[in-house]
Structure formats: structure tokens, C-alpha cells
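Just below is one structure, and these are the notes that go with it.
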Amino acid sequence: MDDRALIAAAREAARHAYAPYSGFRVGAVVVDADGKAYSGANLENSAYPSTVCAEAAAIAHAVSSGARKLDTVAVACIDADEIGYPCGNCRQMMVEFGVDRVLVDGPDGHVEHTLEELIPHGFKFAE
Ligand code: THU
């Protein structure tokens, strides 16, 4: 899948979001080192801190399917007119699985960042 198709797939994934409290439906697609894509959407909870972000859901989907090295994350919110960058917790989750680059949908098309730009010096135990 090329980058535009990944963003389109993230937007499609956002349609499955469960976001009755914020009204902010987010979708994410992660691509692993073998080129396999896994999607996720945010799921909210009446106990607000129990909410799971779209990126976290997609990473859980990939890792629980056997992936260990992730290359790319694409994220899109279908309810915002501003760009919605991944939260800090999701950035740290991306560090764990070696994500290289992050595509973020926005009103003027998507932007691309390296994960290092989004979270310099992310935490990792020494290998
Ligand atoms: N959200 C995500 O899914 N990803 C992010 O990176 C930021 C926020 C979700 C969580 C919550 O359901 C809603 O957006 C509002 O914060």
C-alpha cells in the first residue's frame, strides 16, 4: 500500500471508532516489517481514562497477530478540521516496536514525520 492508500485505510478504520463522549473518531493503520497492515480505531469508556487510542488499538492488533517490528503508522481523524497528532503515550508505544515513520492526515493532505521527530530520546531498555 502506498502512503495515500494507508491514509485512506486509516480513515476507513475510523468509521469503526467507538467515540460517543468526544465525538472524535480516529483510525490508524500500522505496517509491519513484512508489509502487512493492521488497523485499529479509538474506543472510549464511561470511565474516561480507560479509553484506548486508535494507534494503540492498531499496535495491539499487529503485535497480538505476531508482528514485532513495525515500520509505518498512518493516523486519521474523520471529525476534526485540524491535524491530530498521536498522543505521547502512543508515541512511546511506537518506540517499543521500532516504528520509523508516522503519517498524519490533515485538511491539506497528510504530513510525514520520523518517529524520532515526534519523540526524541523515547524510552527503551538497552538491547
Ligand atoms: N485519540 C486517539 O485515538 N489517538 C490520539 O493520538 C489522540 C486521541 C482519541 C482518544 C479519544 O477517544 C479521543 O481521541 C479524544 O481524545
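Nothing in this text is a laboratory measurement; each read-out follows from the coordinates by a stated rule. Predicted model only: the values in this text are computed from it and were never measured. Glycine also receives a Cβ, built like all others from the backbone with ideal geometry; neighbour counts cover every protein chain displayed.
A few points about this structure:
- For region 1-72, trypsin sites (Lys or Arg not before Pro) meeting the loop criterion (DSSP other than H, G, I, E, B) and having at most 11 other Cβ atoms within 10 Å: Arg15, Arg68.
- Per-pair calculated FRET efficiency, R0 = 30 Å: Arg4 and Lys124 via Cβ, rounded to 0.05: 0.45
- Gain in span if fully extended, Glu96 to Arg15, counting 0.36 nm per residue against the direct Cα distance: 26.5 nm
- Range in the chain, longest, excluding exposed chymotrypsin sites (Phe, Trp or Tyr not before Pro) [loop by DSSP; at most 10 other beta-carbon atoms within 10 Å]: 1-122
- Fraction of beta bridges assigned by DSSP in the chain that are antiparallel (%, nearest 5): 75
- Extension gain from Glu112 to Ser64, taking 0.36 nm per residue of separation minus the Cα-Cα distance: 14.7 nm
- Over the chain: helical MRE at 222 nm, DSSP H runs n ≥ 4 each giving -39500 (n - 2.57), nearest 500: -8000 deg cm²/dmol
- Taking GluC sites (Glu not before Pro) across region 1-85, the ones in a DSSP loop with at most 12 further Cβ atoms lying within 10 angstrom of their Cβ are Glu82.
- Sequence-distant contacts, meaning Cα pairs under 8 Å at least 6 residues apart, place the relative contact order of the chain at 22 percent.
- Histogram of C-alpha separations across the chain, 5 Å bin width, %: 2, 12, 23, 25, 21, 11, 5, 1, 0
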